[in-house]
Each structure stands twice: as structure tokens, then as C-alpha cells.
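Working notes, beginning with the structure itself.
The values are calculated or read from the model by the stated rules, or taken from the named source; none is laboratory data. Please read all numbers here as calculations on a predicted model, not as lab measurements. Using ideal geometry, Cβ is built from the backbone for each residue, glycine included, and neighbour counts are taken over all protein chains shown.
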Amino acid sequence: MSDHGHHDDTPKTYGLIAEFDTPDELLHAAESAYKAGYRTMDAYSPFPIHGLSEAIGFKKTAVSLITLLAGLTGAATGFGMQYIAMVLHYPYDIGGKPFLSWPSFMPITFELTILFGAFGAFLSMFALNGLPRPNHPIFNAKRFERASSDGFFLCIEAEDGQFDMDKTRAFLEAQKPVEVSEVHA
Amino acid sequence: MLSDTQMSWISKTQSKARMYAVAGLLVTLVVAIIAGAFFGLAPTDDQPLAVGVKEKIFQPLMVAWLFWLGMGICSLAVVMLHHLCGGAWSYTIQRFVEAGSRTIPFFFITGIVIMLPAVYFTDIYPWTNEAYVHQYHIVAEKAAFLNPSTYTIAYFIYFTIWMLFMWLYNGWSKRLDETADDRIIGKMKFWAGPGLVLYVLSVTMAATHFAMSLEPVWFSTIYGAWLISSYALSVVSFSVIVLSYLMNESPIKEKVTTRTFHHLGNFLLGFTIFWSYVSFSQFLLIWNANLPEEIGFYLHREGSSLTVMTVFLCAFHWFVPMMILLIRKNKTSIVTLRKIAYYVFFVRILDLYWNTVPSFPDGHYAVNWTTLFLVITAILGLGGVWVFLFLNELKKRPLLPVNDPRGELMFLKDAHGHA
């Protein structure tokens, strides 16, 4: 930045974060934030809280569809490879059975369905989450390490259309958190 | 203990069950006598087994008995599975499966009336027919296992094992309700492991005696696993149905969340896949080996209408339920899941038909529509009696364990944060 001779001392804002004492307070705050119209936000807790992802408006992802398509690709690959080998390229009489002995092809077809499906699920989850990602602005948040022990956090991000430093801070304060602080990008 | 709505549902269902029992068993008897008298098979030199009135009566009753037996013994297995692994899904249905397990004596008595006479007085088990055993040397070799005395003794041993564990677990559960003595929980946990091992061993043996030996030349080591997975499908789907009718009132209402259905739906999915895995691998191995003593089982199940039934089972016992149960939305709504559970429960009839009836001489190579009809009426009839007894047992105790601290813990763990 300094190469351009332009000095901006105020760091960019990633968002505003509120810390809560209990999972119920966090869930409640998330629900109110969604009701108030906030959409770009995330919640952080030491363990999964049932209903929390729904509360912040978490939508069904494409992972299941990608997994299905990958699984079908696996099935087609498994069956196709055996078809090419056993029927087209190297037909061989085994115990008088037909070349296209589909029951014998099933184990491999099944295995490749699972293999491709698992790869599809794992890799699409990685890609859609933007992983791998060595650092994240949320780690700049105050006391954020407690999100893995006893802290419950709700962060409304600056990207949200409705984000306004003062109004959003006032909104979060109204949810009776332990503390509201700014997260620098 | 139970609310008025729950009680009225139970008594309404019981009177319906009584009707099914009388009508089903009556129709079965009348149609079986007519079918046996006019459309029976006389033994010939090639095919030494007779199919007369006796056989026609006992065939459908045996299949129906085998169908419902699982509701007793597999309920017991789910009780023990619950104590072995725990989990919120089994906690909500624990009292259903406990009540189910208390119906094992019903099967013990009806089996003495249905299964043992079938061994001693009919040609249904080919290994009891001297001419048949003479014809197939391999059956003579199995005589130590397949003879009426061994069958009878084994019958009593299987039921001793099942009734022993039924008595233990239901006794402990009752005492835990009354005394809140948590040493009982330790016992329940400890015996669940050995109990399940004995369950799997005894059901494998029992499946061999009761069902596999209908085709005595043939053998398959995975047959017990087929019956165990089938019974698990029946018990889980039946529990979903009962849960859906009783969950709107205390004490179940407070403990049921969409997660509960999701878990039960996942179990249905798992056992649907396991059932098809077991059924298909049995076919694959035998088809590949193509040995004369094994392949007969599948040859008897080949032919116009039976081939259609085979394809139907692949499509509608495996593929369709699996695809429906893969979709999460279908598992989180009890209305949808109940429909699926009814479907899974009743499609089991066709699978059981497919696995037993084509072994009878008049069931080879094509669907025997009379026997299929009789199997359905016998299942409805015997099922009427069973459902009646099951509901009698169910209303004797609170619908959830009273003093089991694990239940509350499992529920909290599973539904934590749920407002």
C-alpha cells in the first residue's frame, strides 16, 4: 500500500462481533438478527447447536447434488470399464457365462460409486467453503479463542447490505451480549 | 400413565386388530381347505412331495408366523442394542420394543401349533419325506441337523434363549422404573453384548431350521443375515408407525424432535441398503459358482411371473425406498416418514413370499397366486392377534422409562439448544 504513497491508517472492518454466555442467548440473537434483515453473518460455538444454522438462514448447499452426480459418474465408470474390458476388448469365456455378466460387474460398480461419491462430497465441501484458507479475519476478533471452549459468538459482517457501524452495534448491544467489538479485516 | 387420546387410539386399534384376526384367519382356513382339496399336487416319482389340504393350511401360516416372529425377537435385539450403544433415537421407541419383546411367548406357543406340526404331519419340510431324502444324497448327509427331533429340541433352545433375555431385560426395566436403583443400568449394559451375540447366532440357526431348510438341497451362509436385516426393517418401520400415533401427548411429545425421525429414517435407510447388500451378494456368489446343489434355489425362482417379482423387489424393496430415504426432507417429517414406514413394512410380505413359497413344490417357477393370497390373509390374521397383544403389553407401562438418567442425557445431547 505504501508504494502508492497513499496512507490509510484506519484498518478495514470485517464486521461486528458479539459474545454470549450461553447457546440459548446466541440462538436467540441469531434469530433476531435474521428477523431484523441481516443476512451476511456467521455464528461460532464450541459445539454444534441444533437450529443455529437455520436461525442464521443457512441454505441447503450444492454438496448433496454434487455427491449424487459424482456417485453416478462412479457407477458409469465402474460398469463402463468392465464393459470395455470384458465385452469389447477381451471377451473371454468364463464358465460358459455371457460376456456381459452384469452381476459380476456389480461389486466394482458399487465400489466406484462409493469412491467417487465420497470424493465428490469431500472435495465439493472443500471447494464451496473456499478451503484451504490459512487465515481468516475472524481470528482477529477479541477473545475469539474461546469459541472453542466456552464462548458463543455472532458476527455480522460488513459486507451485509444493511451493515452500519453504529446501528448494527446498537442492535447487537440490544441482544444483551457480554461484549460487542469490531473485527478488523 | 397414558393419556386419554393415547388410550382411545390403542383401544380403537385393538378392536380393528381383533376384526383382522378373525377375518384373516377364517378366510385363510376356508380358502386353504378348498385350494388343497381341489388344486393339490399328488406325489410322483420325480417329485415325491404331496401338497394337500394340510400343506395348504400350514404353508401360509408358517410364512405369516415367520413374518411376525421378527416383531418379537428383533424387538428384543433393539432393546439390547439400545443398552449397548445408547442413543436418542432408540430412547423414544424403547418402550415399544420392550412391549414387542414381551410377545415372544406368543410366538413360542403359536410355533408349537404351527411349526412343529408342519414338521411331523406334513410334507412341507422335504427332509421329513423319506422318498425325497432317498432321492437327494446331500439331504441325507444333513440328517443330523435336519431331522424332527433336532428341530424340536433346537426350537426349544432358541426360545429359551430369547425368552431368557426377554425376561431379564423387561424385569430390569420394570425394577428401574420402581426403584431407580442405578446398579440395574450396569447389568443392562453388561448383558447387552453377550445377548446380541447370542441373538445373531440363534437367529442364524433358527433361520436355517425354520426357513432355509424348506429347500434342503440348498444352503447359504448369509441367509441368517438376510433374516436379521429383514426383521430390523420390520421393527424400525413398525416403531415409526406407532411413534407417529402416540407422539402428540406426554410423555413422548416433550422428547420427540425432528432429529428423532431423522435418526429412525436413517436406520430404515441403513437396513434397506443392508438387506439388498445381503440379498444380492447371496445371489452373486451362487450365480458365479453355478454349483448344482446351490443353484436350485434360484432356478425355482425363475420364470415369467416370479422373474417379474424379482425385478419388482429390486426396484421397490431396494431402489425406490433407498432413493426416497436418501432425501433428508423425507426423514424430518413424521407424516412422510410414516407413509414410508407403512410401505417398507408391507413390501416385506413380498420378499418373504419370494424367499419361502417358491421352495414349495406348487410354488416353483411361477407366482402361485392362491398361495400369495393366503400368505397375505394369514399375515393379516396372525398380525391382528399380534397387534392386539402388543398394544395390551404397551399400555401396561409408562411410554418412556421413568428412572433412566441416560434417557434424559441422550435427549439433551441430541437436541441441545433446541428452543
Please enumerate the residues belonging to segment A:109-144 that are within 14 Å of another protein chain (Cβ to nearest Cβ), more than 21 Å from the chain's Cα centre (by Cα) and surrounded by 15 or more Cβ atoms within 10 Å (Cβ to Cβ). A:Thr109, A:Phe110, A:Thr113
Cβ-Cβ under 8 Å pairs, at least 6 apart or on other chains, segment B:287-299 side away from chain A (no Cβ under 12 Å), far side among the polar types (S, T, N, Q) and surrounded by 14 or more Cβ atoms within 10 Å (Cβ to Cβ): B:Glu294/B:Ser220; B:Phe297/B:Ser220; B:Phe297/B:Ser359
Picked from segment B:25-47 (must be over 19 Å from B:His134 (Cβ atoms) and small (Gly, Ala, Ser)), the residue nearest to the chain's Cα centre (by Cα) is B:Ala32
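Of the residues A:Leu52, A:Leu69, which single one is within 14 Å of another protein chain (Cβ to nearest Cβ) and out of contact with any strand residue (DSSP E or B) (no Cβ under 7 Å at 6 or more places or on another chain)?
Working: A:Leu52 fails: out of contact with any strand residue (DSSP E or B) (no Cβ under 7 Å at 6 or more places or on another chain).
Result of the check over A:Leu52, A:Leu69: A:Leu69.
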Taking segment A:31-49 and the residues there that are farther than 19 Å from A:Glu182 by Cβ and in contact with a Leu (Cβ under 9 Å, 6 or more places away or on another chain), the one that is nearest to the other protein chains (Cβ to nearest Cβ) would be A:Ile49
Just need a number here: residues in segment B:364-405 that are at pLDDT 95 or above and either assigned to a loop (DSSP other than H, G, I, E, B) or among the small types (Gly, Ala, Ser) (or both). 4
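I need the helices (runs of 4 or more DSSP H) fully contained in segment B:302-347, keeping only those with at least 3 residues that are over 23 Å from the mean Cα position of the chain (by Cα) and within 14 Å of chain A (Cβ to nearest Cβ).
Values: elements: B:304-313, B:320-326, B:328-332.
Hits in segment B:302-347: B:328-332.
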Which condition from (1) more than 14 Å from chain B (Cβ to nearest Cβ); (2) surrounded by fewer than 16 Cβ atoms within 10 Å (Cβ to Cβ); (3) touching a Leu at 6+ places or on another chain (Cβ under 9 Å) is the one that A:Phe58 breaks? (1)
